[in-house]
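The values are calculated or read from the model by the stated rules, or taken from the named source; none is laboratory data. Fair warning: this is a prediction, and the values are worked out from it, not measured in the lab. A quick note on method: Cβ atoms are made from the backbone with ideal geometry, for glycine too, and the neighbour counts reach across all protein chains shown.
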Amino acid sequence: MGDCALVNSIVRGITGVFIVVGLVACGQTSDEASAPSISAQAYAANAERWVDSEFQPSTLTRDEQLAELAWFNTAAEPFRGMSINVVSETLTTHQYESETLAQAFYEITGIRVNHDLIQEGDVIEKLQTQMQSGENIFDAYVNDSDLIGTHSRYGYVVALSDFMSGEGADVTSPTLDLDDFIGLSFTTGPDGKVYQLPDQQFANLYWFRHDWFSDPELKEQFAARYGYPLGVPVNWSAYEDIAEFFSVHVKEIDGQRVYGHMDYGKKDPSLGWRFTDAWLSMAGAGDQGIPNGLPVDEWGIRAEQCRPVGSSVSRGGATNAPAAVYALQKYIDWLKAYAPEQAPGMTFSEAGPVPAQGQIAQQIFWYTTFTADMIKPDLPVVNADGTPKWRMAPSPHGPYWEEGMKLGYQDTGAWTLLSSTPLDRRKAAWLYAQFVTSKTVSLKKTLVGLTPFRDSDIRSQAMTDMAPKLGGLVEFYRSPARTAWTPTGTNVPDYPKLAQLWWANVANAVSGQVSAQAAMDSLAQQQDRVLERLQQHGTLGECGPRLNEERDAEYWFSQPGAPKPALDNEKPQGETVDYETLLSSWTAQDAEMAQ
Amino acid sequence: MNRSSRVSRWVLLGYCVYLVLPLYWLLTMALRSNADIAGTFELLPSNPTFANFAEILTNPVWYQGFVNSLSYVVLNTLISVSVALPAAYVFSRYRFLGDRQLFFWLLTNRMAPPAVFLLPFFQLYSSIGLFDTPLAVALAHCLFTVPLSVWILEGFMSGVPTEIDDMARIDGHSFWFFFTRIFLPINRSAIGVTVFFCFMFSWVELLLARTLTGSEAKPIVVVMTRTVSASGMDWGVLAAAGVFTVLPGILVVWFVRQHLVKGFALGRV
C-alpha cells in the first residue's frame, strides 16, 4: 500500500480542499437559510426598521421616507424572489451600496442584488463585452458619464428618457425628481435624452496647504520674491511661481523637505485620464461652452452639428494646437522641476495619497475622491481638532483660457442599462438604481462616501454641519462655479477607442523620446484615424464622424475660437486670490442664486 | 572550510534572501495600514495590524473569490489528470496511424496564447449556459493543461518497461487492476508533477478566468482588482489577499513534495 502514498496524498489534499470549499459553501447556504424569511407583511416592518436605524439623516421626513419605500415595495412585487447582478467600480460610496443598501433593498422589496465591485477598467471591459456580444453579463452597470458620447451613438444603451415613459413606466418612481440630480446634463446625449442615472459625483480641484499659505513669514517671503501675495493661484503663472517657491526656495518646513507640486507620470492608462479629463481645457485649448467646448472640446475634437469632424489642426481640431502642446509641456516641466523625485514613476492610484503625508504645498490636479482619506485623524495634514490643514479651491487656468470655458473635471458614475438585458431583469435593476439614489437614502450615502449627486442633499443641514471638516468640498458644490467642472462630452464618439491613444503618446513625451509637439501631432493623427474608421463603418448614424478635408493650419488659426494660434507670452503676470475672499464670494453667489 | 565553499555558502544565502524577500515584503505589507505603507520605510512593521486579514476573512466577497478559484482549479486538475492518464498510457504503449501527429497536435494547443481562445470560448459557453460557472473556466483551462499533462505523463510512462505490462497479464491480473494498482503507483512521481503543473497553471491564469466569469464564479484574481479605485490603492488588503493566494500553492507542493523532486529529476519537465 506504500506505493499508493502519492495517490493517497493527492486524494487527501483534494478531499481537504473540498472539505474547506464545502464548509464555506455550507456556511454560505446556512447564512442564507438563517436570513429572516420575508413575508409580504414583513416588508413594511423592514422598511421602518431601515429608516430608523440606517437612513438618517435624510432630506425627507420619516413619513415621506416610508411612503417612498412603500412604493418600491409595491413596484417590486412582480420581481420578488428574483436575484440580479449589478456592477460598479470600487469607491466608498459603492461599497456602502454593495454591503448595506443591497441588503436593505432585499429586505424591503424581496429582490436580491449582488452588487459587484471591481476595478473601473474591468467594469468598462465587461460593459464592452456585453455591448459587442449581446450576452447579458450584468443587469446594470455604474459607468462614468465620460462615455455619454459613446452610449448616445451606438444604440446599445437604453435611453432612460424613453424607458421611463415607455416599458419602464410602471417601475419608475414618482419621487425620483430628476431635476434634483446635479449631474443630469452630463448624462444627457446630444439628442436631449437622458441615458444614465447619476449615482455618485466627484470633481478635480486645486488642493493646497492652507496653514502654510497663511503663514505670515512665508507670505512675506513670497511677496518679496514675486511681487504679489501668496494665495490661491488664479492662473498657471501663479501656480508655477508657488511651485518654484516651495520646491526651490523654501525647501524645508519644520525640518522636512517640502515640494510645491505633486503629479504622476508613469506609462500607465491612468496617465491618459490626467489629460482627457480636463487638462487641455484648463490650459485653454478648446472653445467656450459648458459642459464642453463647442465646436472644439477639451480633447481637441471639433464637432459640427454633433458630428466629429477632426482633431488635428489641419481639420479644425485642437489636439495638436499650440495651447495643447503648451499644456503637455507645462505638465512635463513641472513634474520634473517641482514634484518629488519619485513622482514621474507613479500612477494615479499611487500618487493620490501622497499629499496626505504632509510634504506637498499644492497640487493643481487633485481628485475629491481622496477627501475621506485626507481627513483621517493623526495624519500630518489634519489638525488635532479634526479639521484639515488643507483646502480645495477652483483650479487655476492657463493663458489660452477664456471666460465661459470648462475649468476642470467633474464626473458622475451613473446607472447604465443595456438593451441586451432581458426586460424583467432590467426593470428589477432599474428599481435598485432608483433605490440607491432615492432621497430616502441619498443623504446618508453622501455622508458616507462624500460624493454628492443630489442638490437637495448638498443644501441640507447635515452637509452644513460637516462642511468644516471637508476642506471646502461643500462650499464648492454649493457654488454656481461648479458648473465649469465637467466630464468628457458628446464630441467623443467612442471613448474606449480614443482614450487609449492618450497615455502612450503622453508617456513618450514624458520620457523625452519625442517633443511635446511631436507627441500631440502623433496623437491628433491617431485620433483622426480612429474617427476615419468609425466614419467608414458608418454605424453611428447622424452623429457619426465625418472628417473635414485637411487645410492649411493658418486657415484654422485665422478663424475665431479654437484652434488658437500661439501666444507671444505664455507666462503673463501671476495672479492669486485670498482663499477666504474666494469663499465669501462663493457664499454670496450661492445666496443670490437661492433668492 | 575552504574559501570556495564559503563563497558558495554566501552565494546560496544571497540567493535565498533574493527569493524570500518579495514574500517577506508581501507579509509585512499585509500587516501594516495603508497610511503606514505609503508613509514610511520599515523593515519590521512598527504598528502591526491584522485588520487586512480580518477584512479578507470576514468579507464574504473575498472568501467567496477563493472558493470560486479553488472550485475551478480542483475541477480542472481532476479532469486533466483523469483524461491525461489513459491518453498518455496509450501514446506510450501503442503505435497507431497518426499517433505522432496527434501527439504534436495536442502540444500545439499549448503553444497558442490563451487570448486567442477568448472569443470562441465566451460565445460557446454563453450559448450553452456555462458562462459564469466554475466548470466553464475549468474546461477552458483543460485546453492547456490536458496537453501539458499528457506530455509530462507520456514521458514518464515511456520510461516504464513494457515487460511490467506483460508480467501483470501473465500473472492473470485484469487490465484495470494492473493500471490502477501497479502502473499508477509506479508513476506516482509523474502524477505529482502533473498535479502541480495543472494546479499552478489554473491558479495563476487570469485572462480566461476573468472573461468567462461574471459575478457568480468570480475568481480571486478578479476580486483583487477591487483594491484599485479612484481613491487610491488598498495596499494592505491587496497584500493580505496575496498572502492567501500563495497558500494553496504551498499546500499542493507540501502534499506532493517528495514525488515532485523525483519527478523533476527523472521526467521531461
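Of the residues making up region A:334-386, those that are among the charged types (D, E, K, R) and in a loop (DSSP other than H, G, I, E, B) are A:341, A:376, A:378, A:385.
The number of residues in region A:191-227 that are over 24 Å from residue A:476 (Cβ atoms), in a loop (DSSP other than H, G, I, E, B) and touching a strand residue (DSSP E or B) at 6+ places or on another chain (Cβ under 6 Å) comes to 1. Within region A:177-189, the residues that satisfy the criterion of being assigned to a loop (DSSP other than H, G, I, E, B) and in contact with a helix residue (DSSP H, G or I) (Cβ under 6 Å, 6 or more places away or on another chain) are A:182, A:189. In region A:179-197, how many residues are of a type outside the set (A, V, I, L, M, F, W, C) and buried (at least 24 other Cβ atoms within 10 Å of the Cβ)? Summing the residues that are of a type outside the set (A, V, I, L, M, F, W, C) and buried (at least 24 other Cβ atoms within 10 Å of the Cβ) in region A:179-197 gives 4. Note on region A:535-584: among residues that are acidic (Asp, Glu) and within 32 Å of the chain's Cα centre (by Cα), the one that is surrounded by the fewest Cβ atoms within 10 Å (Cβ to Cβ) is A:542.
When region B:26-67 is filtered for residues that are more than 19 Å from residue A:376 (Cα to Cα), within 14 Å of chain A (Cβ to nearest Cβ) and hydrophobic (A, V, I, L, M, F, W, C), the ones remaining, listed by number, are B:29, B:41, B:56, B:57, B:61, B:62, B:66, B:67.
For region A:313-330, state whether one or more residues are over 30 Å from residue A:263 (Cα atoms), assigned to a helix (DSSP H, G or I), more than 25 Å from the chain's Cα centre (by Cα) and not aromatic (Phe, Trp, Tyr). Among the residues of region A:313-330, at least one is over 30 Å from residue A:263 (Cα atoms), assigned to a helix (DSSP H, G or I), more than 25 Å from the chain's Cα centre (by Cα) and not aromatic (Phe, Trp, Tyr), which makes the answer yes.
Of the helices (runs of 4 or more DSSP H) lying entirely inside region B:144-248, those containing at least 1 residues that are charged (D, E, K, R) and more than 12 Å from every other protein chain (Cβ to nearest Cβ) are B:163-170. For residue A:32, the conditions (1) facing chain B (nearest Cβ under 10 Å); (2) under 24 Å from residue B:215 (Cα atoms); (3) at pLDDT below 95 all hold with the exception of (1).
For region B:154-210, enumerate the residues that are among the polar types (S, T, N, Q) and either surrounded by 22 or more Cβ atoms within 10 Å (Cβ to Cβ) or over 21 Å from the mean Cα position of the chain (by Cα) (or both). If the condition is that a residue be among the polar types (S, T, N, Q) and either surrounded by 22 or more Cβ atoms within 10 Å (Cβ to Cβ) or over 21 Å from the mean Cα position of the chain (by Cα) (or both), then B:158, B:162, B:174, B:180, B:187, B:194, B:202 are the ones that fit. Give region B:106-133 a look and list any residue that's touching an Asp or Glu at 6+ places or on another chain (Cβ under 9 Å), in a helix (DSSP H, G or I) and within 14 Å of chain A (Cβ to nearest Cβ), or say none. B:122, B:123, B:125, B:126, B:127 - these are the residues of region B:106-133 that are touching an Asp or Glu at 6+ places or on another chain (Cβ under 9 Å), in a helix (DSSP H, G or I) and within 14 Å of chain A (Cβ to nearest Cβ).
Quick check on region A:61-70. Is at least one of its residues of a type in the set (Asp, Glu), within 14 Å of chain B (Cβ to nearest Cβ) and either part of a helix (DSSP H, G or I) or within 19 Å of the chain's Cα centre (by Cα) (or both)? No, that holds for no residue.
Considering the conditions (1) of a type outside the set (S, T, N, Q); (2) touching a Gly at 6+ places or on another chain (Cβ under 7 Å); (3) within 13 Å of chain B (Cβ to nearest Cβ); (4) surrounded by fewer than 23 Cβ atoms within 10 Å (Cβ to Cβ), residue A:348 is excluded by exactly one of them, (2).
Do we have any residue at all in region B:83-94 that's out of contact with any strand residue (DSSP E or B) (no Cβ under 7 Å at 6 or more places or on another chain), surrounded by fewer than 19 Cβ atoms within 10 Å (Cβ to Cβ) and under 27 Å from residue B:250 (Cα atoms)? Yes, the conditions are met somewhere in region B:83-94. Search region A:207-240 for residues being free of Cβ contacts under 8 Å to residues at least 60 places away in the same chain and of a type in the set (Lys, Arg), and hand back the single one that is farthest from residue A:332 (Cα to Cα). In this case the residue turns out to be A:219. With the condition kept exactly as written, say whether any residue in region A:366-377 is modelled with pLDDT under 90, among the aliphatic types (A, V, I, L, M) and more than 24 Å from the chain's Cα centre (by Cα). No, that holds for no residue.
Restricting A:272, A:265 to those that are in a loop (DSSP other than H, G, I, E, B), among the small types (Gly, Ala, Ser), farther than 30 Å from residue A:172 by Cβ and assigned by TED's automatic domain parsing to the domain that holds residue A:578 reduces the list to A:265.
Matching residues to (1) in contact (Cβ under 8 Å) with a residue 24 or more places away in the chain; (2) within 12 Å of chain B (Cβ to nearest Cβ); (3) not hydrophobic (A, V, I, L, M, F, W, C):
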residue: A:343; (1), (2), (3): yes, no, no
residue: A:355; (1), (2), (3): yes, yes, yes
residue: A:367; (1), (2), (3): yes, yes, yes
residue: A:389; (1), (2), (3): yes, no, yes
residue: A:397; (1), (2), (3): yes, no, yes
residue: A:400; (1), (2), (3): yes, no, yes
residue: A:404; (1), (2), (3): yes, no, yes
residue: A:418; (1), (2), (3): yes, no, no
residue: A:425; (1), (2), (3): yes, no, yes
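Within region A:510-557, the set of residues being at pLDDT below 95 and hydroxyl-bearing (Ser, Thr, Tyr) comprises A:511, A:539. Applying the criterion of being within 14 Å of another protein chain (Cβ to nearest Cβ) and surrounded by fewer than 20 Cβ atoms within 10 Å (Cβ to Cβ) to the residues of region A:132-178, the residue that is nearest to residue A:493 (Cα to Cα) is A:132.
When region A:538-590 is examined, which residues are found to be assigned to a helix (DSSP H, G or I), over 30 Å from residue A:155 (Cα atoms) and not assigned by TED's automatic domain parsing to the domain that holds residue A:395? Across region A:538-590, the qualifying residues are A:553, A:554, A:555, A:556, A:557, A:558. Out of B:150, B:116, which single residue is modelled with pLDDT of 90 or more and aliphatic (A, V, I, L, M)? Among B:150, B:116, only B:150 is modelled with pLDDT of 90 or more and aliphatic (A, V, I, L, M). Within region A:482-502, the set of residues being within 15 Å of residue A:300 (Cβ to Cβ) and in a helix (DSSP H, G or I) comprises A:495, A:498, A:499, A:501, A:502. Count of region A:66-76 residues, restricted to those that are without any contact (Cβ under 8 Å) to a residue 12 or more places away in the chain and in contact with a Phe, Trp or Tyr (Cβ under 7 Å, 6 or more places away or on another chain), is 0. Under the condition of being among the charged types (D, E, K, R) and either surrounded by fewer than 23 Cβ atoms within 10 Å (Cβ to Cβ) or not assigned by TED's automatic domain parsing to the domain that holds residue A:85 (or both), which residue from region A:427-476 is nearest to residue A:586 (Cα to Cα)? So, considering only residues that are among the charged types (D, E, K, R) and either surrounded by fewer than 23 Cβ atoms within 10 Å (Cβ to Cβ) or not assigned by TED's automatic domain parsing to the domain that holds residue A:85 (or both), the one nearest to residue A:586 (Cα to Cα) is A:475.
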